[in-house]
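Inspection log for the structure reproduced underneath, given as structure tokens.
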Amino acid sequence: MADRLVSKTFKIEFEITVDMVELEKEHFRKGQAGQNLPRLKRLQKALLKNERVLTRQMLAVAMGRLQDYIDLIATQDNLAPLQEVAAALDPEDSQYFDENREEISRLTRPLRLSAQTARLQSSSISEKVIEEGREPKWKPVWIDLLLKSCLGMLLETFSVPSSRSISSAKTELGHYLLARHLTRQSDGVHFEGRCSCDQFIEGVGEDEEQAFQALWSKYKRHYDSLNFPRALQRFWKNDWKKTSRKG
């Protein structure tokens, strides 16, 4: 195993403002508004009254904008500064890199990529709250608990973050629960997951344990609702037919 030469921790800050305007025909593609506009307006009005869901919808837009920005700043040149360092080496090495300027990307790939790894240490999102007559303050609205929580570290042993499986054994129906996100939001701890059939399932509680129990209970209800009809089919094919023959 290679020796660690240096380690740095970076804190990157972004401030994104998301605006929502009232839905109008202009927000639809030509000829698509029709009868859906009044319904969507009523949905938007109800959304404005649900702060938790509204925040989630606006965060989704913010993350899309953030992705665009990250893609932009990721194009910053890191080869030219590396060439400056190479120019200060001993004459033999300096000359080698100078003569192979066009190949600098390929030559330095092991140094720039293979020899460096990054891990996410923490993640949180805050909202700027402005109250009349008071200084603006930042209120946490989303904190990732999966990175450092006991439950998160336990799930980390199962698989990668995008497909953590709580129920490792596949059932007859092939349904199992995939844990996705464990976060602290304004109304408590949320544990989000999906069944392997792509059904969204979420548990909410005061702490990690309660959120997990709520998630698992909802998954069991989901699974039982799928399994019950299959049980009736088996009864029809086996027990009911046997009973009918005896009659």
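Give the residues of the range 64-88 that are surrounded by 13 or more Cβ atoms within 10 Å (Cβ to Cβ) and within 25 Å of the chain's Cα centre (by Cα), sorted by residue number.
ARG65, LEU66
Being of a type outside the set (S, T, N, Q) and exposed (fewer than 11 other Cβ atoms within 10 Å of the Cβ) is the filter here; which residues of the range 27-38 pass it? Reasoning before the result, please.
Quick first cut of the range 27-38, residues of a type outside the set (S, T, N, Q) only: 27-31, 33-34, 37-38.
Residues satisfying the conditions are ARG29, LYS30, GLY31, GLY34.
Mind listing just one residue for me: the one in the range 93-136 that is of a type in the set (A, V, I, L, M, F, W, C) and touching a residue at least 40 places away in the same chain (Cβ under 8 Å) and, of those, farthest from ARG52 (Cα to Cα)?
We begin by selecting, within the range 93-136, every residue of a type in the set (A, V, I, L, M, F, W, C); these are 97, 104, 107, 111, 113, 115, 118, 120, 125, 129-130.
From what's left, touching a residue at least 40 places away in the same chain (Cβ under 8 Å): 115, 125.
Details: ALA115: 42, ILE125: 13 Å.
So, considering only residues that are of a type in the set (A, V, I, L, M, F, W, C) and touching a residue at least 40 places away in the same chain (Cβ under 8 Å), the one farthest from ARG52 (Cα to Cα) is ALA115.
Hey, could you check the range 55-92 for residues that are among the hydrophobic types (A, V, I, L, M, F, W, C) and touching a residue at least 24 places away in the same chain (Cβ under 8 Å) and say which is farthest from ILE104 (Cα to Cα)?
Looking only at the range 55-92, we keep the residues that are among the hydrophobic types (A, V, I, L, M, F, W, C), and these are 58-63, 66, 70, 72-74, 79-80, 82, 85-89.
Add one more test, that the residue is touching a residue at least 24 places away in the same chain (Cβ under 8 Å), and what stays is 58-59, 61-62, 66, 79, 82.
Details: MET58: 42, LEU59: 39, VAL61: 38, ALA62: 36, LEU66: 30, LEU79: 7, LEU82: 9 Å.
Ranking the candidates gives MET58 first.
Scan the range 1-29 and report the pairs whose first residue is free of Cβ contacts under 8 Å to residues at least 24 places away in the same chain and whose second residue is among the aliphatic types (A, V, I, L, M), with Cβ atoms within less than 7 Å and a gap of 6+ or a chain change.
Cβ pairs passing all conditions: LEU23/LEU37; LEU23/LEU40; LYS25/ALA33; LYS25/LEU37.
Bear in mind these aren't lab numbers, they're just calculated from the coordinates by the rules spelled out. Small disclaimer: the values here were computed from a predicted structure and weren't measured. FYI the Cβ positions are ideal-geometry reconstructions off the backbone, even for glycines, and counts take in every protein chain you see.
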